[in-house]
Each structure stands twice: as structure tokens, then as C-alpha cells.
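Chemist: Take this structure first; my questions come after.
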Amino acid sequence: MPSLSGLYRYPLKSGRGEALQRSAVDGLGLHGDRRWMVVDADSGRFITQRLLPQMSQLSARYDARGGLTLSAPGQADLAVALPDPEKDLRGVVVWRDSLRVPDAGDEAAEWLSAMLGKPCRLVQVPESRARQVDTAYAQPGDRVAFADGFPLLLIGQASLDDLSQRVGQPLSMLRFRPNLVVTGSEAYAEDGWRRIRIGEVEFEVVKGCSRCILTTIDPQTGERNAQREPLATLKTYREKDGDVFFGQNLLPRGVGELQLGMMVEILQ
């Protein structure tokens, strides 16, 4: 039976990933995942590594009270407290979604603006203000924080191994920013899953994850691959209707605790 071999949380959207041994699952996915985001100071539009690859060098460590500690090369660490969910609300845009969420204050904005070389603000999303997941794939009431479209992303280790072999070099799993990594299944087996259980938590497998230029950024250095790898190789065998797919998006159907080594039961 397949097992859970990787657990990753990204407290700040497009910041560095955080490897976990265990994690709670709540209504928005892994507890603390993508609850914070950097936005343009004027437009409120979200900012990611697609625009600023140097965000790959930005670390945001999540603390037990919901706050963050920001770290980056050449800058002193900054502790940011969880803002009041009803105060200092700022209008922000994530793809086609517009919402109002609390701003984390001027000190965090100045720190990030200096690090990124662009006027920006830091915002946080309480669960009560999270976005509705696209109802073409989800039920009314299914919510997502600041992830692109879905609460969770799963990738099979064998799928990455196959891609690495095709590219001709080992690729880091963090390049694809999954939450869950599964070992013990065949390459791309996750494409055929519809419902799984890990521990006591069930997940609905709802949609393949379409990939973009972000996959060409080395998560360690922030440099873009000149040959547009691995996206170029993925396009040769994982393209459908103009999109390139790698990994599967999930919706949690319950809450609970995940831990590395748990068995992954394929229910459907």
C-alpha cells in the first residue's frame, strides 16, 4: 500500500517550503498553509515567484499562535504577529477572486519592500474570509486560503522520479510545491485516484494541477532554467488542451492529523 513520505507547508504564498513530520488538517488544508501573502501596495494584486523569482529565498516560519518570522539573506529576521481578523482590512486579488483580508502592518510591509525591491504589503486570511473553491470541481462551502485554486496538492514520488529521468537530472520535489508526497505507487498512479484516506482523514481528488513557469525556478537558488526545464519536458507528454499537468489537487473531507509513514488507502 502507498504511504505518506512527504509533508510540506508554505506559510507564505510563494515563499520557501517547510518540511513537516506531522500536521493537522483543517477546513483549508494543512494547518497554517498559505495563510499569508505578499501583494502589490497599490493594486492589492498577489505577488509570486512568477513575477519575482527572489521570493524563493524568502522564508516565513509559522508559529503556534499563527504569526510568522520572516527571514531572507542580508536582512535581520522579523517577527510578525497574527493581525486582528476584523481590523485594517485590505482589498486583495488572487487570480479572479477579490476579497478583503487583514493587513499585517507597516513594519512587515517595509521589510518585504526592501527585500523584494518593490512596494508591497503583507496580508493574512482568517478561515472566515477564505475563498470559495471553483464549484466546477467543489461543493459550495469548500474553501481555500491563498493557494492558487485548491487547498492541497499531492504528487507521487515515482512520478517525480520518472520526470527526473526524462529530464536527465534529479529534480527537487519542492520545485513543484506539493503538500503531500506519496511513495509506493506507480508513476502517475495519482491521476486515476478519485478518493483516498490517510489516517482518519479522507480527501477527494478533484483535478490535475496545471503547471507554469514557476516550475523552472530552482527553489534553492531562485534561478530560472535557461532551457525552461522541467516544463519543456513535461510538455512533451503531459500536455492536454493547452495545459501541462503534474500532480493532483485535493479537497479535505474532514479534519484530523497526518504523520509521515501513514498508509494511503485508495478508496476510489
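The values are calculated or read from the model by the stated rules, or taken from the named source; none is laboratory data. Since this is a predicted model, take the numbers as computed values, not measurements. Ideal geometry is used to build each Cβ from the backbone, glycine not excepted, and the neighbour counts take in all protein chains shown. Just the protein is used for accessible areas: all its heavy atoms, side chains included, with ligands, DNA and RNA removed. Shrake-Rupley method; radii C 1.70, N 1.55, O 1.52, S 1.80 Å.
The rows are residues; the columns are (1) modelled with pLDDT under 95; (2) within 20 Å of the chain's Cα centre (by Cα).
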position	(1), (2)
Arg96	yes, yes
Asp142	no, yes
Gly156	no, yes
Val167	no, no
Pro178	no, yes
Ala189	no, no
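Chemist: Tell me which residues, restricted to the stretch 117-140, are crowded, with 17+ Cβ neighbours inside 10 Å, over 18 Å from the mean Cα position of the chain (by Cα) and among the polar types (S, T, N, Q).
Modeler: Of everything in the stretch 117-140, nothing turns out to be crowded, with 17+ Cβ neighbours inside 10 Å, over 18 Å from the mean Cα position of the chain (by Cα) and among the polar types (S, T, N, Q).
Chemist: Only one of (1) outside any helix (DSSP H, G or I); (2) out of contact with any strand residue (DSSP E or B) (no Cβ under 7 Å at 6 or more places or on another chain) is not met by Leu70, so which one is it?
Modeler: The number of the failed condition is (2).
Chemist: Next up: Of everything in the stretch 155-181 that's more than 17 Å from Pro2 (Cα to Cα) and of a type in the set (Gly, Ala, Ser), which residue is most open to solvent (accessible area, probe 1.4 Å)?
Modeler: Gly168
Chemist: Inside the stretch 190-205, can you point out the residues that are touching a residue at least 60 places away in the same chain (Cβ under 8 Å) and open to solvent by 30 Å² or more (accessible area, probe 1.4 Å)? Give the derivation first.
Modeler: From the stretch 190-205, those touching a residue at least 60 places away in the same chain (Cβ under 8 Å) are 193-199, 201-202; that's our starting set.
Correct list: Arg194, Arg195, Arg197, Gly199, Glu202.
Chemist: Only one of Leu267, Leu250, Leu214 is within 30 Å of Gln139 (Cβ to Cβ), exposed (fewer than 14 other Cβ atoms within 10 Å of the Cβ) and either of a type in the set (A, V, I, L, M) or touching a Pro at 6+ places or on another chain (Cβ under 8 Å) (or both). Can you tell me which? Can you show your working first?
Modeler: Details: Leu250 fails: exposed (fewer than 14 other Cβ atoms within 10 Å of the Cβ); Leu214 fails: exposed (fewer than 14 other Cβ atoms within 10 Å of the Cβ).
Of the residues listed, the single one that is within 30 Å of Gln139 (Cβ to Cβ), exposed (fewer than 14 other Cβ atoms within 10 Å of the Cβ) and either of a type in the set (A, V, I, L, M) or touching a Pro at 6+ places or on another chain (Cβ under 8 Å) (or both) is Leu267.
Chemist: Now, a different point. Among what's in the stretch 48-67 and is outside any strand (DSSP E or B) and of a type in the set (D, E, K, R), pick the residue that is most open to solvent (accessible area, probe 1.4 Å). Please lay out each step first, then the result.
Modeler: Kept after step one, since they are outside any strand (DSSP E or B), are these residues of the stretch 48-67: 48-58, 63-67.
Right, trim to of a type in the set (D, E, K, R) and you get 50, 63, 65.
Values: Arg50: 67, Asp63: 50, Arg65: 201 Å².
Among those that are outside any strand (DSSP E or B) and of a type in the set (D, E, K, R), it is Arg65.
Chemist: Hey, another quick one. Tell me whether the stretch 32-47 contains one or more residues that are closer than 25 Å to Ala114 by Cβ and part of a helix (DSSP H, G or I).
Modeler: Taking every residue of the stretch 32-47 in turn, none turns out to be closer than 25 Å to Ala114 by Cβ and part of a helix (DSSP H, G or I).
Chemist: Can you confirm whether Thr221 is of a type outside the set (A, V, I, L, M), within 20 Å of Pro53 (Cβ to Cβ) and either open to solvent by 50 Å² or more (accessible area, probe 1.4 Å) or in contact with an Asp or Glu (Cβ under 7 Å, 6 or more places away or on another chain) (or both)? Let's see the steps before the verdict.
Modeler: Details: of a type outside the set (A, V, I, L, M): yes; within 20 Å of Pro53 (Cβ to Cβ): yes; either open to solvent by 50 Å² or more (accessible area, probe 1.4 Å) or in contact with an Asp or Glu (Cβ under 7 Å, 6 or more places away or on another chain) (or both): yes.
Criteria met by Thr221.
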